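Here is the structure we will look at.
The values are calculated or read from the model by the stated rules, or taken from the named source; none is laboratory data. Keep in mind it's a predicted model, so treat the numbers as computed, not measured. Positions of Cβ are backbone-derived with ideal geometry, glycine not excepted, and every protein chain shown enters the neighbour counts. Accessible surface areas use protein heavy atoms only, side chains included; no ligands, DNA or RNA. Shrake-Rupley method; radii C 1.70, N 1.55, O 1.52, S 1.80 Å.
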Amino acid sequence: MDLTVFNARRVHTMNPSLPTATSVVVADGLIVEVGTPESIQPWLDAHPHTVDDTFADKIVMPGFIDPHLHPSLAATLLPTHFITAMAWDLPDRQVPATRSHDSYVAELTRIEASLADPDEVLITWGFHELWHGTIDRPLLDSISSTRPIVVWQRSFHELFFNTPALAHFDLDQRRFDAHPQIDLPTGRFVETGMFIAAGAMGPHLTEPGRFLHGLELTKAAVHQGGQTTIGDLTGTQFDTDVEWDALRAVIEPDDTPFRVQMVPAGMRSQGTEAGRADPIAWLAERAERGSEKLFFRNHVKLFTDGGFYAQMMRVQPPGYIDGHQGEWMSPPDKFEHMARIFWNAGCQIHVHCTGDMGVELALEVLAKLQFERPRFDHRFTIEHLGLSTPEQIRRAATLGALISANVYYVHELGERYWADSIGHERASQMARVGTAVREGIPTTLHSDFTMAPAKPLTSAWVAVNRVGESGAVLGPDERVSVHDAMKMITADAAYILGMENEIGTIRSGKKADFTVLEADPYEVDPMDLADIEIWGTVFEGVPFPIER
Amino acid sequence: MTDPVVPLTVIAGYLGAGKTTLLNHLITNAGGRRLVVLVNDFGELNIDADLIADHDGDTYALTNGCVCCTIGDDLGEVLQEIAASDDPPDEIYLEASGVTDGARFAALLTDWHGLAARGAIVVVDAEAIMEQARDRFVGDMVERQLRAADLLVVNKADLVEPAHLERLRAWFESIGADAPLVPTTHGALPAEVVFGTGWERREPAPPHAGPVAANGEAAAHLATMSSAVVRDDGVWDRNALARTLDSLPDGVARVKGFVNCSNGRFVLQMVGRRWRLDPVAPGHGDSPAPIGSDLNGADLNGPGPTSRQTELVVIAVGGTDASSVAEGLRAPRSARPAR
C-alpha cells in the first residue's frame, strides 16, 4: 500500500471525536489516518509513502456536499444569457447585478447587438418582475424584430417570446388563442402555458452539443464551489436517453472530481395523476442504470406545493398580502398515496415544501405514516423550507424528519418578500435553520442550483449572517454559528444523503474527499465566509486545483 | 372547409363525489350518441363487460359506438386528434382530476380549435362536500371549483335528509356557487339534463337574476327555457353582425346555425357571451330542413334539401324570450339579397 501524507496548516475534520488535526494519510482513495506527524508515524514506518506539503499553509475541510441541485437544469440554463438581479460568478463569465427595468432593457439590447450570428436564438434567464418590472412581446420586438428572443423567468414560472421566437418554435398556432395561461399579444406563457412552450423548445435545449456544453459548465461550477459530492434531486429534466447519456459522458471520466447521487421524482412533474403502475419497480429499474460516480440509492423525491421564487407556495393564514394563494404541485391526496407506497417500501423520502401549508401537509402525512407503520431512522427530509412555523419544526423533530434548507432565499428574496409578498415577520424568518438546530434536527443547506449559486460557502455565509439584498440582517434569531454552518455543508449533508459512513467528515476509513481553503472559516470575520478563496479539492485522494 | 365543432364537457369534483359513476352512467345511456369519454384511470370506471367491443391499451371501444380513453400526458394533443379526425364523435366528456387543476381546469373550458367548450359539470358528494370545503389543504380550491361550475350534480342525494339538501342549497348560494343544481343517486343524471341545454357555460350571473332554489328546481329552471328558429334571406354586414351578437340580452344561452354575410356564409356557434364564426366552403354548410326538431345533435353540415338562407336556432333561459331574440337576428333590410 502506497501512502500519501497531506500536511495542512489545519485540518477541520468535522468529527467531534477529533475536531482538528494537521496530517491526513491517504491510500487508494481512502483516508487511512488523521492526526499529527508524530501520531501517524506507525503507518509511515510500515508502508512506502510520499509527503505532499501543497496544503502546508492552507486549511483542509471535508469535501463540501450540496445534497440538492439540478445538473440537467443547470446544463439547460448556463448556455443562456444571464440577466439577473444578483451578480453571478460563473465558470465562463462574471454576470453583474441588474436591478431595474431600464437597466434590464439596456442589458438585453446590448446582448442582442453583440451576437455575431443574426440567426442565433437569444435565450435569456433571470428576469424577475420584482426587480425588472414588466416586459412583453412588443418590447422584445423593439429590441429585435428579426431575431428570436426568449425570456425565461428566474423561477421557471413563465416564458416570454417575441414575434420571431413564436414563429421559430411554432407557438403562434390558433390553438393557443384561448388558452388562459398563454397570452399571444404579450408573448407571455405562464405555468401550464409555460410547459407547452418549454416543450416546444425541448429539442433546441437538449440539442446534444448545447447540452454537453452546458454540462461542462455545470461541472466547472460544481468544482469551483468546492463540492465533491452532490445530490441531483429529480434527475433528468426531460427524461430522455440523450440527457442520461450526456450526464454519464460528463460525470464518469476520472477528471470529474465529484460524484452525483441521483434522487428521482416519485411522481411525474406537476403531479399529473397518470402514475406508474409499480413505482417501486420503476425506482429499482432506474437504479440499475447507475454507476460508481452517478448512482442511485433508496431515495425518492416528492412535491407538495409550488415554487418559492414564483410565489406559488401554499401559505397558511394570514396568507399573502395580495390575497392570492399558491398551488399544489401534487394533489394532497395523491401526495399521501405515493408517500405511503415509498414509506412502506423502506425508501428515504425527500419532500419539496416551500410554504408553511406545504410543510404542514408533509408533516401530517409523515405523522400518519409513522402511526400506521413506525420506522426508526427513516430520514424523511423536508426540502427547501421556505416558510414554516417554529411549532412545525418541533413537530418535525418529534417525528424524526430532517431538514435540507435553501437558506439563500433569505438573501435574494427576504427583503422583496417583506415588501411585496408576505410581510416582514414571516419573510425575515424564511428558511429558519436556527430553530432547526435548536430542536436538534440534522440540517443541511442546498443551492437548488440555479436557484442559488452552487457555492456551499455562500450558503453557509447566509446561514451565519442572514444578510438581505441591502445588507440588513433579516431574522437575527435564526442565524447559526460558523461551526453549525460548516456541519451543514459537510457532515449533515452526508447524513441527509445517507452517505455518512463514507463522506462528510475526515476520518479513518472514509473517502479521501477534501476541500482546500486559503483561509480558515473559524478565523475570518463571519461576513467574509463567502469570500474565502478555494484552492481546489481532493477527490478520492487525487488533488484537483481550481484553474481560473 | 369547416371543421365540425365537437362539444366538450368537463366532469369535475372532489374525491369520491361520483364522477366515474356519472361517466359510467353516461356511457351506458348515451342514447345513440357517439361519445368519447376521457378518464384518468380506467380502474374505477367499471364498464359493463357486455358493452366492451374492443380493448387496446389506452382505449376501450364500446358496442354502442362510444369510446373511452385514458388521458395520459398530453391532453391537448389527444383533444386535437379527436377534433381533427375524419369521423369525430358527437361529444367529448373529460374527467378533471381532483381539485388541484386550478388553471388546467380553466384551460379545459376554452375553445380549442375544433372543439367548443360546453361547460363544467361539478359532481358533489351531498354528505361530504361542506366538510371538504373546510379542509385546510384544499378547501379553498373545492370552493373555487364549485363557483366555476355550470351545473352542480349533488350526488348521493339518497343518503341525506331533504333538510340537508336545503342546507346545501343555501350554502352553495352563500359561497357564490349559483349554477343550476340537480340531485342524483349513483350518478344517474337524467339524459335530458346532460345532453340538454340551458345549463351550459355561463358568464357571471347578472345582478337581476334570482337565486337558484332547491332540488328539483333544476327541472323548473330548464322549463323556463325557450327556443326559436329564424330563417332569413337577408345578408349581414360582418361588423354589424358582430355588434348585434355582442349586445344580445343575458338570457341568451345558445345560438347556432348558418348566417349569410356580405363576405360569405358562416357557421355561427354562440354559447353564453362567446361566439365564433367559421367560414363555410362552397358545397358544404347547406342546412337540412327542418332544423328545429333535434336541438342537440343536429348535423349542420350534413347533406340534405338545400337551403341557402340564414338559419339560426336561439335558446334562451329565464325570462328572455327566444323568439324576440331570433327576430333581432334578421339582417337589416337595407342589405343586399343572398347570393
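Computed values, structure above
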| quantity | calculated |
| --- | --- |
| Selected residue [over 20 Å from A:GLN325 (Cα atoms), open to solvent by less than 10 Å² (accessible area, probe 1.4 Å) and modelled with pLDDT under 90] from B:ALA120, B:ALA157 | B:ALA120 |
| Selection count, segment A:426-440, where residues are open to solvent by less than 10 Å² (accessible area, probe 1.4 Å) and farther than 14 Å from A:ARG466 by Cα | 1 |
| For B:PRO89: the one exception among (1) modelled with pLDDT under 75; (2) surrounded by 14 or more Cβ atoms within 10 Å (Cβ to Cβ) | (1) |
| Top-ranked residue of segment B:137-150 - restricted to ones that are at pLDDT 90 or above and buried (at least 17 other Cβ atoms within 10 Å of the Cβ), ranked as farthest from A:LEU363 (Cα to Cα) | B:LEU146 |
| Residues being open to solvent by less than 30 Å² (accessible area, probe 1.4 Å) and more than 12 Å from every other protein chain (Cβ to nearest Cβ) - total across segment A:178-188 | 2 |
| Residue check for A:ASN15: within 19 Å of A:TRP535 (Cβ to Cβ), in contact (Cβ under 8 Å) with a residue 24 or more places away in the chain, not small (Gly, Ala, Ser) and not in a helix (DSSP H, G or I) | no |
| A:THR444 vs. criteria assigned to a loop (DSSP other than H, G, I, E, B) and under 20 Å from the mean Cα position of the chain (by Cα) | no |
| A:ARG416 away from chain B (no Cβ under 14 Å), at pLDDT below 95 and part of a helix (DSSP H, G or I) | yes |
| Positions within segment A:419-437 being assigned to a helix (DSSP H, G or I) and in contact (Cβ under 8 Å) with a residue 12 or more places away in the chain, in sequence order | A:ASP420, A:ARG426, A:ALA427, A:SER428, A:VAL433, A:GLY434, A:THR435, A:ALA436, A:VAL437 |
| Members of segment A:468-495 that are touching a helix residue (DSSP H, G or I) at 6+ places or on another chain (Cβ under 8 Å) and more than 25 Å from A:ARG394 (Cα to Cα) | A:GLY468, A:GLU469, A:SER470, A:ALA472 |
| Considering residues of segment A:278-309 that are in contact (Cβ under 8 Å) with a residue 24 or more places away in the chain and of a type in the set (Gly, Ala, Ser) only, the residue surrounded by the fewest Cβ atoms within 10 Å (Cβ to Cβ) | A:SER291 |
| Test: B:LEU23 is out of contact with any helix residue (DSSP H, G or I) (no Cβ under 6 Å at 6 or more places or on another chain), modelled with pLDDT under 85 and surrounded by 13 or more Cβ atoms within 10 Å (Cβ to Cβ) | no |
| Per-region count, segment A:89-110, residues open to solvent by less than 10 Å² (accessible area, probe 1.4 Å) and among the hydrophobic types (A, V, I, L, M, F, W, C) | 2 |
| Single residue of segment A:310-358 satisfying the filter (closer than 17 Å to A:LEU402 by Cβ and either among the aliphatic types (A, V, I, L, M) or open to solvent by 10 Å² or more (accessible area, probe 1.4 Å) (or both)) that is farthest from the other protein chains (Cβ to nearest Cβ) | A:GLY346 |
| Any chance B:ARG134 is surrounded by fewer than 18 Cβ atoms within 10 Å (Cβ to Cβ), outside any helix (DSSP H, G or I), at pLDDT 75 or above and more than 10 Å from chain A (Cβ to nearest Cβ) | yes |
| Which numbered condition B:ALA126 misses (of (1) within 24 Å of B:ASN24 (Cβ to Cβ); (2) out of contact with any Pro (no Cβ under 9 Å at 6 or more places or on another chain); (3) at pLDDT 85 or above) | (2) |
| Count of segment B:32-62 residues which are of a type in the set (Gly, Ala, Ser) and surrounded by 14 or more Cβ atoms within 10 Å (Cβ to Cβ) | 1 |
| Residue count for segment A:360-377, restricted to those that are within 24 Å of A:ALA494 (Cβ to Cβ) and either of a type in the set (S, T, N, Q) or open to solvent by less than 10 Å² (accessible area, probe 1.4 Å) (or both) | 2 |
| Enumerated helices (runs of 4 or more DSSP H) restricted to segment A:450-515, each holding at least 2 residues that are among the polar types (S, T, N, Q) | A:456-465 |
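To keep it simple, each residue is scored yes or no on (1) out of contact with any Phe, Trp or Tyr (no Cβ under 9 Å at 6 or more places or on another chain); (2) part of a strand (DSSP E or B); (3) open to solvent by 10 Å² or more (accessible area, probe 1.4 Å); (4) among the aromatic types (Phe, Trp, Tyr).
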{"residue": "A:THR4", "(1), (2), (3), (4)": "yes, yes, yes, no"}
{"residue": "A:SER23", "(1), (2), (3), (4)": "no, yes, no, no"}
{"residue": "A:VAL26", "(1), (2), (3), (4)": "no, yes, no, no"}
{"residue": "A:VAL34", "(1), (2), (3), (4)": "yes, yes, yes, no"}
{"residue": "A:THR50", "(1), (2), (3), (4)": "yes, yes, yes, no"}
{"residue": "A:THR54", "(1), (2), (3), (4)": "no, no, yes, no"}
{"residue": "A:ASP57", "(1), (2), (3), (4)": "yes, no, yes, no"}
{"residue": "A:THR76", "(1), (2), (3), (4)": "no, no, no, no"}
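A quick yes/no check of all residues on (1) surrounded by 15 or more Cβ atoms within 10 Å (Cβ to Cβ); (2) at pLDDT 90 or above; (3) over 21 Å from the mean Cα position of the chain (by Cα):
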position	(1), (2), (3)
A:ALA200	yes, no, yes
A:GLY214	yes, yes, no
A:VAL222	yes, yes, no
A:GLY225	yes, yes, no
A:ASP241	no, no, yes
A:ASP254	no, yes, yes
A:PHE258	yes, yes, no
A:ARG268	no, no, no
A:THR272	yes, no, yes
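To keep it simple, each residue is scored yes or no on (1) open to solvent by less than 30 Å² (accessible area, probe 1.4 Å); (2) in a helix (DSSP H, G or I); (3) modelled with pLDDT of 70 or more.
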| residue | (1), (2), (3) |
| --- | --- |
| B:PRO206 | no, no, no |
| B:PRO211 | no, no, no |
| B:ALA214 | yes, no, no |
| B:ALA219 | no, yes, no |
| B:ARG231 | no, no, yes |
| B:LYS256 | no, no, yes |
| B:VAL267 | yes, no, yes |
